[in-house]
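Quick notes on the structure that follows.
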Amino acid sequence: NVMPPPPSLRRGRDVLVTGASGQDAAFLIRDLLHAGHEVTGVCRACTRSPSALWRLATLSVVDHPRLDLVAADLADAPTVADLVDRTKPSEVYHLAAESNVPRNDAFPLDAVQSNVVASVNLLEAVRNLAPHARTFIASSSEVFGDAASSPQHERHPYRPRNMYGATKAFTHSLATHYRENHGLFVANGILFNHESALRDPAFVTRKITRYAANARNAREPLHLGNLDTLRDWGYAPDYVRGMQAMLEAPVAGDYVLATGVARTVRTLAQQAFVAAGVTLAFEGSGFGEVGYDANTGRVLVCVDPSFWRPSESVPLVGDPSKAFRDLGWAASTPMHVWIETMVEADQGHPNLTHPKIRILQYSTG
Ligand code: NDP
Ligand code: GDR
């Protein structure tokens, strides 16, 4: 399941990666270490405890001699300044964020601290203490929100329609300001959904693959929200290569990273069940729709209003042509391949049984 890292032209430089306990940072740090970099990873609970660092451990890099892990809350400005001063990075990947969309709405002040204040602290520290560093900022398709048209490209207007999208739109604009008015090398990656076996199970892909992988032992159907929602889903290791390409580019810019293809949650579920050897058919509509095993008739998926988010009138689908043209980047892993990867990984964890999934989901009160 592990794809080889890309060749790097920038061996041996010091790199600072925030959000080191997260999905993308795990793949990125693995690539950077394989390419010869010294890496400092930052996360709030970087105590080398299994719970905080299970992703780095899964990729067998948590004990790498060139990886230094530092515990820090990026919302604290003096801490961030000290971190940048001590590491004097030549590259910074800012991946830390509260990335769960409903949690941002549930805890708006935390969202501002983790997504906005942390980004201001980091950009200020880079400006004052490491102005020659190249910085990557993780922006999101959620900045487009109530999009005017589809697909969305780098110049598409921002119309965020939730707290998460608003914080990302602010940070994206701020990064552009530091690039244009302070002369820093700051690249914004406008990232569309990207997934892997390291994804938190609160997100719909991993929620589905975990259930599909263990469906034979399931005592009740999988509860999902809106099955008609269209999303542009890709594979996370491809996207972290795009991030690296942005910092390799001669000039800093904004780049959409996406597949350019929209699929429904229903299709996603069907593909996951196919990977688990089950043909999933659907009948009914709205809250009454169910997905069932076409061979046995057993109901495996139902629609649950508590997970329902209205779908966008214009789907969020990215136009990645600029990244392809300028960076040679494309989301190269086909969906059925990465879904198979996720289901296979989840079949190796039989304790992650289905009834918990619903409890874990949005356990924010
Ligand atoms: P994850 O949620 O897996 O990782 C983000 C990490 O940020 C978490 O592990 C969290 O660590 C850390 N973090 C949050 N707040 C703080 C803080 N105040 N101080 C220090 N660390 C903090 O996200 P992904 O890896 O999936 O995504 C990486 C980035 O890309 C995020 O910014 C996300 O918003 C963005 N993005 C991701 C997309 C995707 O599909 N994956 C799509 C679009 C954008 P902990 O809580 O353990 O302390
Ligand atoms: P998203 O990811 O909110 O797009 O944020 P998520 O996987 O949660 O939702 C994707 C789409 O699936 C629909 N959906 C469900 N979602 C969840 N979680 N659970 C369900 O049961 C369910 N049923 C249907 C959602 O309504 C949504 O439309 C991710 C994060 O990585 C963000 O940080 C990132 O910025 C965006 O992707 C792009």
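The values are calculated or read from the model by the stated rules, or taken from the named source; none is laboratory data. Note that the coordinates shown come from a computational prediction; the quantities given were computed from them, not determined experimentally. Note: ideal-geometry Cβ built from the backbone for every residue, glycine included; neighbour counts use all protein chains shown. Heavy atoms of the whole protein, side chains included, go into the accessibility calculation; ligands, DNA and RNA do not. Shrake-Rupley method; radii C 1.70, N 1.55, O 1.52, S 1.80 Å.
Residues are listed down the side, and each one gets a yes or a no for (1) assigned to a helix (DSSP H, G or I); (2) on the phi > 0 side of the Ramachandran plot; (3) modelled with pLDDT under 95:
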position	(1), (2), (3)
110	yes, no, no
121	yes, no, no
137	no, no, no
146	no, no, yes
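Every test in (1) within 9 Å of ligand 2 (Cβ to nearest atom); (2) in contact with a helix residue (DSSP H, G or I) (Cβ under 6 Å, 6 or more places away or on another chain) is passed by residue 271 save one, and that test is (1).
Residues of region 92-112 being away from ligand 2 (no atom under 16 Å from the Cβ) and buried (at least 22 other Cβ atoms within 10 Å of the Cβ), which ones? The one that is away from ligand 2 (no atom under 16 Å from the Cβ) and buried (at least 22 other Cβ atoms within 10 Å of the Cβ): 92.
Looking at this structure, is residue 133 more than 9 Å from ligand 1 (Cβ to nearest atom), among the small types (Gly, Ala, Ser) and open to solvent by less than 20 Å² (accessible area, probe 1.4 Å)? Yes; evaluated as a whole, the condition is true for this residue. Close Cβ contacts (under 9 Å, 6 or more residues apart or on different chains) running from residues in region 164-175 that are within 14 Å of ligand 2 (Cβ to nearest atom) to residues that are basic (Lys, Arg) and open to solvent by 20 Å² or more (accessible area, probe 1.4 Å) comprise 164/103; 165/159; 169/159.
Annotation for region 75-91: at least one member residue is near ligand 1 (Cβ under 10 Å from one of its atoms), buried (at least 19 other Cβ atoms within 10 Å of the Cβ) and either more than 19 Å from residue 194 (Cβ to Cβ) or among the basic types (Lys, Arg) (or both).
Tell me which residues, restricted to region 269-287, are open to solvent by less than 50 Å² (accessible area, probe 1.4 Å), outside any helix (DSSP H, G or I) and not aromatic (Phe, Trp, Tyr).
Correct list: 276, 278, 280, 281.
From 272, 262, 330, grab the single residue that is within 22 Å of residue 221 (Cα to Cα), at pLDDT 95 or above and hydrophobic (A, V, I, L, M, F, W, C). Just a single option satisfies the conditions, and that option is 272.
Selection over region 286-335 of residues that are basic (Lys, Arg) and touching a residue at least 40 places away in the same chain (Cβ under 8 Å) gives a count of 2.
For region 113-129, residues that are open to solvent by 10 Å² or more (accessible area, probe 1.4 Å) and over 15 Å from residue 73 (Cα atoms) total 4. When region 113-153 is filtered for residues that are within 16 Å of ligand 2 (Cβ to nearest atom), of a type outside the set (D, E, K, R) and touching a helix residue (DSSP H, G or I) at 6+ places or on another chain (Cβ under 6 Å), the ones remaining, listed by number, are 115, 116, 119, 136, 137, 139, 140, 143, 145.
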